[in-house]
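Input: a single structure, listed below in structure tokens.
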Amino acid sequence: MTVLISAETEQKFNIMVVEDCDSERCLLSGLLTAMGLNCIGFSAAESAIEYLSDHPIDLVITDWMMPNMNGIEFCKILKRSINSPYTILLTGNGEASQIVEGINSGADDYVAKPFNSAVLKARINAGLRIIEMQSQLAQKNATLNQLLEKEQHYLSVVKQDLALAAQLQQALLPDNGQLNQQWQVTCEFKPAQDLAGDIFQCFNIDEQHIGFYLLDVSGHGTAASMQSFTLAQNLANNRAAWQALDLCTLVNTLNNEFDDPQNSGCFATMVIGIANTVTGAVEYINAGHPAPIIIDPQQAYFVDQTQLKVAAQLPLGIRKNVQYSSSHFYLAQQQHLLLYSDGIYECRHPKHGSFGQPRLLKVINGARTLTPNSLLHHLTHSCDLWQQKQAQDDISLMLISSPSATHNSFVPPLN
């Protein structure tokens, strides 16, 4: 069945006929013109090649047997060009070997001489359909490339924004350094992605007190980091509750103001406290967070809620109007208080499972003679090795040290 080319499509195609026989070239040109196609004829392949260098041609019909350069040689040259036209080879030899040679030379189709006009029209229409599909595919690819470029530009902008946001988040964290009465804070922060749901701070409240907190918003990434930013604003060191040393009011207010607009079940765990840098007394609230660890020359151990006679308390954002209560303990000389997020011990090894808090405590006990900076580096390195350097969750560590512990390495354990 002959497929006709629509009037709209006809104008798109330019057909070249290369035939040394004048009568056959005129016959082919007349046939193509009758089909409504633009046609140009050449008697030699050399002149056709020269024309092709400056003019777009969609389909070429060429004879095999021509003087100087034959159709096979012509096809080979055509196929070396970047945008080679669809090529139909006319051959007086219908043997299979000749057909194979013609196709291997670069011809897309062949028609045996003497050709039947209806057959040739069908082959031309088939070639034009392929050309049309290739053109449509090229247009779609160009459109996809444009969309891809826009997407890449958008991702580049987002990446830049995330990098700036990460810098802002890092700027909100405390610098390693001295506090009141020569106490010291040392920190380590490793987000699993560009942004983290962890945030922590330690600062001077007055000449005798320091405030500290470490909170971990559920999840990680951009959404968790935005929530942590909001909570950090409500925990700014200029809040009246800090100045009044009213820890319970600070936490109760923070819980009541906790907002989860998408009702996604978002919550945050937190350890927060106020330390007296003269006496070492620490008032402390744990809202569903992993228990801090006290490190002294003899051993490292968890701050146990049961020993402090305070029941486990809910994370922030679980229930409004919960009344949080505080407990007290002392941080003696040569002792450190380690606050950490669950990413340090919930990381998993593909074979051995979770790192776990018991292993964390064991690693700390084995490294407790290290200086604060070295100790935190050792912990994060141990975690990296366990999870095979594939970050699984945000890791935050904050070590608050008494004066004698900051000025000297830990005293070796007694025998």
> For the stretch 27-57, what are the residues that are in a loop (DSSP other than H, G, I, E, B) and open to solvent by less than 40 Å² (accessible area, probe 1.4 Å)?
Replying inline: Met35, Gly36, Leu37, Ala44, Ile57
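Can you tell me which of Leu147, Leu173 is surrounded by fewer than 16 Cβ atoms within 10 Å (Cβ to Cβ) and over 30 Å from Thr62 (Cβ atoms)?
Details: Leu173 fails: surrounded by fewer than 16 Cβ atoms within 10 Å (Cβ to Cβ).
One residue alone meets the criteria, Leu147.
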> Hey, does the stretch 3-26 have a residue that's surrounded by 11 or more Cβ atoms within 10 Å (Cβ to Cβ), more than 22 Å from Ala138 (Cβ to Cβ), among the aliphatic types (A, V, I, L, M) and modelled with pLDDT of 90 or more?
Replying inline: yes
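Report the residue count in the stretch 238-264 for those that are of a type in the set (A, V, I, L, M) and touching a strand residue (DSSP E or B) at 6+ places or on another chain (Cβ under 9 Å). Before you say what the answer is, go through the steps one by one.
Filtering the stretch 238-264 for residues of a type in the set (A, V, I, L, M) gives 240-241, 244-245, 247, 250-251, 254.
Subsequent filtering for residues that are touching a strand residue (DSSP E or B) at 6+ places or on another chain (Cβ under 9 Å) retains 245, 247, 250-251, 254.
The qualifying residues number 5.
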> Which one of these does Ile210 not meet: (1) touching a residue at least 24 places away in the same chain (Cβ under 8 Å); (2) assigned to a helix (DSSP H, G or I)?
Replying inline: (2)
>> The conditions are (1) more than 24 Å from Asp394 (Cβ to Cβ); (2) without any contact (Cβ under 8 Å) to a residue 12 or more places away in the chain, and Val158 fails exactly one of them. Which is it?
In response: (1)
> Looking at Ala107, Ala138, which is the one that is at negative phi, aliphatic (A, V, I, L, M), touching a Cys at 6+ places or on another chain (Cβ under 6 Å) and at pLDDT below 90?
Replying inline: Ala107
> From Asn276, Asn286, Asn237, Asn263, which residue is touching a residue at least 24 places away in the same chain (Cβ under 8 Å), over 30 Å from His378 (Cα atoms) and either open to solvent by less than 30 Å² (accessible area, probe 1.4 Å) or not β-branched (Val, Ile, Thr) (or both)?
Replying inline: Asn237
> Do we have Gln313 as more than 30 Å from Asp161 (Cα to Cα), open to solvent by 60 Å² or more (accessible area, probe 1.4 Å), in contact (Cβ under 8 Å) with a residue 12 or more places away in the chain and among the polar types (S, T, N, Q) here?
Replying inline: no
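Residue-by-condition table, conditions (1) aliphatic (A, V, I, L, M); (2) on the phi < 0 side of the Ramachandran plot; (3) open to solvent by 70 Å² or more (accessible area, probe 1.4 Å):
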{"position": "Ser325", "(1), (2), (3)": "no, yes, no"}
{"position": "Phe329", "(1), (2), (3)": "no, yes, no"}
{"position": "Ser341", "(1), (2), (3)": "no, yes, no"}
{"position": "Asn365", "(1), (2), (3)": "no, yes, no"}
{"position": "Asn373", "(1), (2), (3)": "no, yes, yes"}
{"position": "Leu376", "(1), (2), (3)": "yes, yes, no"}
>> Let me spell it out: the conditions are (1) modelled with pLDDT of 90 or more; (2) open to solvent by 30 Å² or more (accessible area, probe 1.4 Å), and Phe203 meets all of them except one. Which number is the exception?
In response: (2)
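Within the stretch 251-280, count every residue that is more than 28 Å from the chain's Cα centre (by Cα), within 18 Å of Ala232 (Cβ to Cβ) and not acidic (Asp, Glu).
Just the residues of the stretch 251-280 that are more than 28 Å from the chain's Cα centre (by Cα), to begin with: 251-258, 270-280.
Then keep just the ones that are within 18 Å of Ala232 (Cβ to Cβ); that gives 251-258, 270-274.
Remaining after also requiring not acidic (Asp, Glu): 251-256, 258, 270-274.
Number of matching residues: 12.
In the stretch 211-226, how many residues are modelled with pLDDT of 80 or more and either open to solvent by 70 Å² or more (accessible area, probe 1.4 Å) or of a type in the set (S, T, N, Q) (or both)? Steps first, answer last, please.
Looking only at the stretch 211-226, we keep the residues that are modelled with pLDDT of 80 or more, and these are 211-218.
Now narrow it down to the ones that are either open to solvent by 70 Å² or more (accessible area, probe 1.4 Å) or of a type in the set (S, T, N, Q) (or both): 218.
Summing the residues that are modelled with pLDDT of 80 or more and either open to solvent by 70 Å² or more (accessible area, probe 1.4 Å) or of a type in the set (S, T, N, Q) (or both) in the stretch 211-226 gives 1.
Condition test on Tyr301, is it under 22 Å from Leu375 (Cα atoms), assigned to a helix (DSSP H, G or I) and among the aromatic types (Phe, Trp, Tyr)? Can you show your working first?
Working: under 22 Å from Leu375 (Cα atoms): yes; assigned to a helix (DSSP H, G or I): no; among the aromatic types (Phe, Trp, Tyr): yes.
Criteria not met by Tyr301.
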> Counting only residues that are in contact with a Phe, Trp or Tyr (Cβ under 9 Å, 6 or more places away or on another chain) and of a type in the set (Gly, Ala, Ser), which one in the stretch 314-352 is farthest from Leu231 (Cα to Cα)?
Replying inline: Ser327
> Looking at the stretch 346-358, which of its residues are within 24 Å of Cys187 (Cβ to Cβ) and open to solvent by less than 30 Å² (accessible area, probe 1.4 Å)?
Replying inline: Cys347, Phe355, Gly356
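Which residues, counting only those in the stretch 76-134, are free of Cβ contacts under 8 Å to residues at least 60 places away in the same chain, part of a helix (DSSP H, G or I) and surrounded by fewer than 16 Cβ atoms within 10 Å (Cβ to Cβ)? Please lay out each step first, then the result.
Here is the first cut: in the stretch 76-134, the residues free of Cβ contacts under 8 Å to residues at least 60 places away in the same chain are 76-84, 86-89, 91-116, 119, 123, 130, 133-134.
Pick out the ones that are also part of a helix (DSSP H, G or I) and you get 76-80, 96-104, 119, 123, 130, 133-134.
Those that are free of Cβ contacts under 8 Å to residues at least 60 places away in the same chain, part of a helix (DSSP H, G or I) and surrounded by fewer than 16 Cβ atoms within 10 Å (Cβ to Cβ): Lys76, Lys79, Arg80, Ala96, Ser97, Val100, Ile103, Asn104, Val119, Ile130, Met133, Gln134.
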> Within the stretch 224-250, can you find the residues that are more than 35 Å from the chain's Cα centre (by Cα) and part of a helix (DSSP H, G or I)?
Replying inline: Ala240, Ala241, Trp242, Gln243, Leu247, Cys248, Thr249, Leu250
>> Suppose the filter is in a loop (DSSP other than H, G, I, E, B) and at pLDDT 90 or above; does Ala291 pass it?
In response: yes
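The values are calculated or read from the model by the stated rules, or taken from the named source; none is laboratory data. These numbers were taken from a predicted model, which means no experiment stands behind them. We place every Cβ from the backbone using ideal geometry, glycine too, and count neighbours over all the protein chains shown. These accessible areas exclude ligands, DNA and RNA; they are computed on the full protein's heavy atoms, side chains included. Shrake-Rupley method; radii C 1.70, N 1.55, O 1.52, S 1.80 Å.
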